[in-house]
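For reference, the structure is listed below as structure tokens.
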Amino acid sequence: MTSAPHAAGGLILTHSVYDPGSIAKAIEDYRPHLSVSIHGQSATDSVIAFAERNGEKAPEQIVREFLNYALDLSVRTILGAA
Amino acid sequence: MSTREGADIDASLETVSRTEDEVRLLVDETVYSREAVLRACYWFTDRCYLFVSRPGPQRLLVSIRAKPGAPSLDRVAGDFGNALLDQQVRQEIARETSRIRELIVAKAFAEGNLMDDPPVGDDRDPVEVTRSQAPGNIARSRDEE
């Protein structure tokens, strides 16, 4: 798993980098490969968690691909709106 | 870019940790804007795994992991630092030259009669205007009449 900041088992995505709408779209697009849920959301952050499937942790490489994808979508959204 | 040892030399982009498969760079947002960081990240998602967090105000922490088959992590991290600087400079140049670019575009559209409304202000080339107002030109135009 990435050494990203975790909050009570979740991963904190700051909204100044990860746009909430893009996070939701990334979760939706990765649904066939990865089970991601939003544990909490504030004005500044979203906390996401990767659910286990069949008792196994989410594959690390897919988690990283997911985070890259969420970042890609967010950059397009944030800079597109700037 | 600096390491912990050289942090006093340049703390705007600092390597805060380095493991076998991950480099973490702390970016000072008073030097590199969030936009520059985002643009640099965008260009690097094809060659490495990135995660960006905010450890504190005016600070962004970029975690970089090389993808399988990608160049060495040190090289990717170094290239990322260069890309970040490149994006920041581009952004500053764009800001400094935005007015002149607007004028050039307005002039181009005005000359091509592509706009319904004339551009705001005087879009004529000031050199041409001065030249046309010179006494010789006025005399010549009178002769032509």
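FYI, it's all coordinate maths here, none of it is from the lab. Here the structure is a predicted model, which is why all the values come from computation and not from measurement. Neighbour counts are summed over all protein chains in view; Cβ atoms, including those assigned to glycine, are modelled from backbone coordinates with ideal geometry.
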message: Per-residue counts of other Cβ atoms within 10 Å, averaged by peptide: what ranking do you get for B:93-99, B:72-78, highest first?
response: B:72-78, B:93-99
query: Could you give the dipole magnitude of segment A:6-81 about its Cα centre, charging the beta-carbon of Lys and Arg +1 and that of Asp and Glu -1, in debye to the nearest 20?
result: 40 debye
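Using the Cβ atoms and a cut-off under 9 Å, what net charge is assigned to the surroundings of B:Gln91, where Lys and Arg are +1 and Asp and Glu are -1?
Result for the local shell: +1.
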message: Counting only other chains, and only Cβ atoms inside 10 Å, what mean value do you get across the residues of A:61-70?
response: 3
message: Give me the inter-chain shielding for B:58-65: mean count of other chain Cβ atoms within 10 Å, whole number please.
response: 2
message: Among B:Gly78, B:Gln91, B:Pro55, whose Cα projects farthest towards the positive end of the dipole of segment B:13-96, with charges put on the beta-carbon of Lys, Arg (+1) and Asp, Glu (-1)?
response: B:Pro55
task: Could you tell me the distance between the Cα centroids of segment A:38-65 and segment A:10-34, to the nearest Å?
output: 9 Å
